Amino acid sequence: MSGGTSPRGAVEVHGYALRVIRQARGRGVSDLAAALEVDRSYIRHLENGSKLRVSPELYAALLRELQIDDYRALLATAPLRDGAST
């Protein structure tokens with residue numbers, strides 16, 4: 001997965017997008033944190049940008065819990081769509 005992964009394999013998350021999508025799905029911070037088995041402060045840190053990277057496993061769990069089909073939706077630096085030109 002390029003364009004949003006760091007050299008160590010961690011995925012950089014766009015915190016504002018995470019918050020907007022979470023709210024649009026009607027999920028609270030505590031609810032999402034419990035589903036992911038993380039502390040709610042961790043979700044808050046992701047959303048406000050004080051924490052940027054998550055493991056690939058947690059990123060996949062975020063996508064699953066928020067019912068997101070396109071893996072690029074939460075990437076801090078999303079790659080171009082397939083077939084798009086610059």
Check region 39-60 and report whether any residue there is surrounded by 15 or more Cβ atoms within 10 Å (Cβ to Cβ), modelled with pLDDT of 95 or more and hydroxyl-bearing (Ser, Thr, Tyr).
yes
So Asp70 fits all but one of (1) loosely packed, with under 12 Cβ neighbours inside 10 Å; (2) touching a residue at least 24 places away in the same chain (Cβ under 8 Å); what number is the exception?
(2)
Selection from region 26-68 of residues that are closer than 15 Å to Glu12 by Cβ, part of a loop (DSSP other than H, G, I, E, B) and hydrophobic (A, V, I, L, M, F, W, C)
Leu52
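The values are calculated or read from the model by the stated rules, or taken from the named source; none is laboratory data. Just so we're clear, the structure is a prediction, and the values are computed from it rather than from any experiment. All Cβ positions, glycine included, derive from the backbone under ideal geometry; neighbour counts span all protein chains shown.
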